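S.K.: The following block contains the structure, expressed as structure tokens.
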Amino acid sequence: MPALLVFLFFAALQPAWSSSPKPFAFGAVRFEANQGQADPAARYFARARGQHVYFMEREIVLDALDGAPVRMSFPGASKARWTPVGAAVDRISYYLGNDPSRWVKDAPVYGRIAWRGVYPGIDAVFYDRGGHVEYDLVLAPGADPSRIRLRFSGASRIESTAAGVIEIKAGQATIRQHAPEIYQQDASGKRRKVSGRLVASSNGEFRLQLGKYEKTRPLIVDPVLEASTYWGGENDDEIVAVNDTFIAGNTRSAGFPSAPGERRRTRDIFLTGVGLFNNVRIFGTAIVGGSGDDELAGLVLPRNAFADVTLAGTTNS
């Protein structure tokens, strides 16, 4: 039976990080440096619509919220050198369970991350597009596009449509990689479209097929990864309270897709600072929960920026 939950969150000053384009739970994909809040094999972790995404040493795990994990890899690629692109846009903390030694505090969050040198002269840059994960394969002048190969494993079915969409069925979820936009920019910065698509080969991999392009200029290949789930493709976040300073609500736990028996998704509470409170800017996001489902019902604001925010709700932890 759910019990009453009351939690006090200390709303102190945080370092001044650059502003995120969208706050936590407003749909934008953000990339968290993994400091223990997600699968230990992941370097970065992101929440997207309908799925959680884990950026590993040699692959990207697409973990649909009601499906089986799908592993996306670049066969023949180098070991991943994941680096953030730009400054941190936020900090996130996880207060999960009653053991403070296992809490995660102030993990940096970025708007973009890159796998540098996935192939010689080729980077893969990941970022948000409307709540979905988008990535660019950025080819330096002279890089060989025939090196690019893509493989999806762990799916029950993989199909390629006439429009160039790769559909990956995993449990009740379908992950779609849309046909990429392929282009180059001229000296004025104007985009010039390049014909091409990802074509399935007999060994189950997808290879890049290109038309004519200028080999002395960078080339961009730009697909989008989108998950459609039983819940309708959303990220299953629920906003309970909003004001000029805080957004608070409920979200799904990060999970550990590589660990057998840990597929259950629990509910956790989030609180994020988005503005001024008594002329002090509040920064950062906190995730609060335990071993079971924890859900927020409301919150009480402090009278000054160095007091406690009271979160009230129910818990099965």
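The values are calculated or read from the model by the stated rules, or taken from the named source; none is laboratory data. Because the structure is predicted, anything quoted here is derived from the model rather than measured. Glycine also receives a Cβ, built like all others from the backbone with ideal geometry; neighbour counts cover every protein chain displayed.
S.K.: Among the candidates Ala77, Ala107, Ala88, which residue alone is small (Gly, Ala, Ser), at pLDDT 90 or above and in contact with an Asp or Glu (Cβ under 8 Å, 6 or more places away or on another chain)?
M.R.: After applying the criteria, what remains is Ala107.
S.K.: Another question about this same structure. Tell me, which strands (runs of 3 or more DSSP E) wholly within the range 108-209 include 1 or more residues that are touching a residue at least 24 places away in the same chain (Cβ under 8 Å) and over 23 Å from Arg58 (Cα atoms)?
M.R.: Of the strands (runs of 3 or more DSSP E) lying wholly inside the range 108-209, those with at least 1 residues that are touching a residue at least 24 places away in the same chain (Cβ under 8 Å) and over 23 Å from Arg58 (Cα atoms) span 122-129, 157-160, 173-177, 181-185, 196-200.
S.K.: On to the next question. Given the conditions (1) surrounded by fewer than 20 Cβ atoms within 10 Å (Cβ to Cβ); (2) touching a helix residue (DSSP H, G or I) at 6+ places or on another chain (Cβ under 6 Å), and given that Gly131 satisfies all but one, which numbered condition is not satisfied?
M.R.: (2)
S.K.: Evaluate the following for Gly189: is it surrounded by fewer than 18 Cβ atoms within 10 Å (Cβ to Cβ) and over 18 Å from Val138 (Cβ atoms)?
M.R.: no
S.K.: Pick out the one residue from Asp39, Asp66 that is in a loop (DSSP other than H, G, I, E, B), modelled with pLDDT under 85, of a type in the set (Asp, Glu) and within 28 Å of Leu296 (Cα to Cα).
M.R.: Asp66
S.K.: Any idea which residue in the range 94-117 is nearest to Glu205 (Cα to Cα), counting only those that are small (Gly, Ala, Ser), touching a Ser or Thr at 6+ places or on another chain (Cβ under 7 Å) and surrounded by fewer than 20 Cβ atoms within 10 Å (Cβ to Cβ)?
M.R.: Gly117
S.K.: Same structure, new question: Do we find a residue being under 23 Å from Glu238 (Cα atoms) and in contact (Cβ under 8 Å) with a residue 24 or more places away in the chain anywhere in the range 72-85?
M.R.: For the range 72-85, residues under 23 Å from Glu238 (Cα atoms) and in contact (Cβ under 8 Å) with a residue 24 or more places away in the chain: absent.
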